[in-house]
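A short write-up of the structure that comes next.
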Amino acid sequence: MKILGIANDETSSACLVIDNKVISAASEERFSRIKMDNTFPYKSIDYVLRNSNLDLADIDYIGYGWKKGFEAEKHLLMYANRIIFEALNNPDGIDVLRERMKLEIQQDEISRKDFDSWITENSLNSRVIYFNHHECHSISAFACSPFDEALVITSDARGDFESMQIGYFNSNNKYEVLYRCPTFDSLGFFYGRITGLLGYTPAKHEGKITGLAAHGDPNKYLSIMEKMISFEDGKIIGHIGDWYRPFFSNYSKTLKKFISTSKPEDVAAAAQLHLESLICKLVKHYLKIKPSKYVCMAGGVFGNVRVNQVIKEIKGIKNVFIQPHMGDGGLALGAAIGVPFLCHQQKSFLPNMYLGPEFSNVEILNEIEKHKELHFEYQTDLPFHIVKEINKNKVIGLFQGRMEFGPRALCNRSIIYHSFDVEINTSLNKRLQRTEFMPFAPATAEELASACYTNWKPDHLASRYMTVTYNCTKEMVKNSPAVVHVDHTARPQIINAYDNPLMHQILLLWHKNSGGMSLINTSFNKHEEPIVCSPKDAIDALVQDQVDVLVIGNYFVYKS
């Protein structure tokens, strides 16, 4: 069975699953070079088909995890109850709820029309399976996890008239929805509004707020956050008014005045702590209803690695899994694996997230030779020569194998450097034209992980995808200060010989030669650009001085 999954909002993407194995996936931004490109993913679809020598006629089903729309049996009572609650408790909020629903209908119509037009043009109508947005997120989290049963929580700004869903998958892969949260009460909008108020772009720069939060005092403005949104009787309630509205904009004068007179780091800290508190209350509440030792997460809110750590540390939780492409771009994966899951209750095999394009040495050399200002060397022992360059304090652009699918660079399209010098955070970010508050992430060999991160265990699959933070050991804090945050946490990628044999060898050789317990791993891109995809993208980065040495295939490339 060949299944094509498509997402065409937020970050458009495509994914191919054959016989319950994820074969390939990519996001349109990597080909178009437009960050978070949400146009229809023609190039991504072309890639996943071409990569397996298929065309659309060979596809059995097309899964679509967005814009199933308002479903009366799922949403009518929820919305009726919420509107009645607002009418009884805050009549002034009714117009805001009406505005939210009107805008939701208008926004969804555009991307759904693009999808339906493409389906009709290619005579594929009979092969489409539509998924509820948050149920698609839920399936993507559980079906890719190693767990036989789990509580699943999804959360983002909005999707198919929901902003959150909590459910339980049993050992027979049957799903029971325990809670649906309307868009009015959105944790994604709550955190996104803070992002926008602090001068960043909502739905894009929330990670900056998470990093900034570690530098502030959360207690100063926690009471303000509670005025915005709260947990009540197993539900999230947004307090519609001057402090909160379910939009990324529409800030009241009261809110603008508060922000203008407050320290940004204290606002960020309060928002972060409140988000952690609300989600923990939800998880604990629903674990009493459906006890489980495992929690799976998906949706843009779970790009917040600190929240994921807090969930992992809830008493009684043995392990967590976050769908690695947790945002709406990951719905392509969820929809593709959702078809066999929905039809046959069968989980799909996700070998890793190296699902994008790769390039031969011949293709690479052809691109290098277009640049007469570059010189290059062919090497067979890559780990030896990479470690040698790092010892010279060279910033390495690493371009190897298949490109990663998702927001995290996992050392196939990464910039690497030693983690001894904390000043590299400032100098390299400046070089990459980034404004970041968090330190770079560490790449750590599995053999060293227990010595670096407290309570890390080999079965923590989430740590292989940089989706959760850990408290660092004293040894790690001293050894690798450039990748440890001010609260002594880090967001590691734990690497073994199976997932990424080249990087695993580099890390072990680096440790043997220098004693370094990790290397910096940051995504191979400039600020506001997608991660590099092609040899041309990587070579352009070298020409623009983003890196000192480009290791691409077997070639070490330098500027003359």
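Every number in this text was worked out from the coordinates using simple rules, so none of it is lab data. All values derive from a computational prediction rather than experimental measurement. Note: ideal-geometry Cβ built from the backbone for every residue, glycine included; neighbour counts use all protein chains shown.
Which GluC sites (Glu not before Pro) from the stretch 411-481 combine a DSSP loop assignment with at most 13 other Cβ atoms within 10 Å? Display every interim value, and only then the final one.
Values: sites: Glu423, Glu436, Glu446, Glu447, Glu475; in loops: Glu423, Glu436.
For GluC sites (Glu not before Pro) across the stretch 411-481 that sit outside H, G, I, E and B with at most 13 neighbouring Cβ atoms in 10 Å, the list reads Glu423.
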The stretch 8-26 versus the stretch 479-558: alpha-carbon centroid distance in Å: 25 Å
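Explain nothing, just the number: dipole magnitude of the chain about its Cα centre with +1 on each Lys and Arg Cβ and -1 on each Asp and Glu Cβ, in debye rounded to the nearest 20. Spell out each step's value before the answer.
Details: 61 positive and 65 negative charges, 226 e Å.
Dipole size: approximately 1080 debye.
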Among 94-107, 522-535, 3-16, what's the highest-first ranking by average C-beta atoms within 10 angstrom per residue? 3-16, 522-535, 94-107
For the stretch 361-559, what is the relative contact order in percent, using Cα pairs closer than 8 Å and at least 6 residues apart in sequence? 35 percent
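Tell me, what is the percent relative contact order of the chain, built from C-alpha pairs under 8 Å that lie six or more residues apart?
On the way: 1183 pairs, mean separation 90.4, N = 560.
In percent, rounded to a whole number, it is 16.
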Rounded to the nearest 20 debye, what is the charge dipole size of the stretch 145-322 about its Cα centre when +1 sits on each Lys and Arg Cβ and -1 on each Asp and Glu Cβ? 200 debye
Value of relative contact order over the stretch 145-322, rounded to a whole percent, pairs C-alpha under 8 Å and six or more apart: 26 percent
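Please get the size of the charge dipole for the stretch 361-559, origin at its Cα centre, with Cβ charges of +1 on Lys and Arg and -1 on Asp and Glu, quoted in debye to the nearest 20. Walk me through the numbers before you get to the answer.
Working: 20 positive and 23 negative charges, 53 e Å.
With only Lys, Arg, Asp and Glu charged at Cβ, the dipole is about 260 debye.
What pairs in Lys312/Lys474; Lys257/Lys288; Lys457/Lys478; Lys21/Lys68; Lys2/Lys67 have C-alpha atoms more than 30 Å from each other? If you can, show how the numbers build up before the last one.
Values: Lys312/Lys474 21 Å; Lys257/Lys288 41 Å; Lys457/Lys478 22 Å; Lys21/Lys68 25 Å; Lys2/Lys67 23 Å.
Check vs 30 Å cut-off fails for Lys257/Lys288.
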Mean-position separation - Cα centroids, the stretch 277-324 and the stretch 148-184, in angstrom: 12 Å
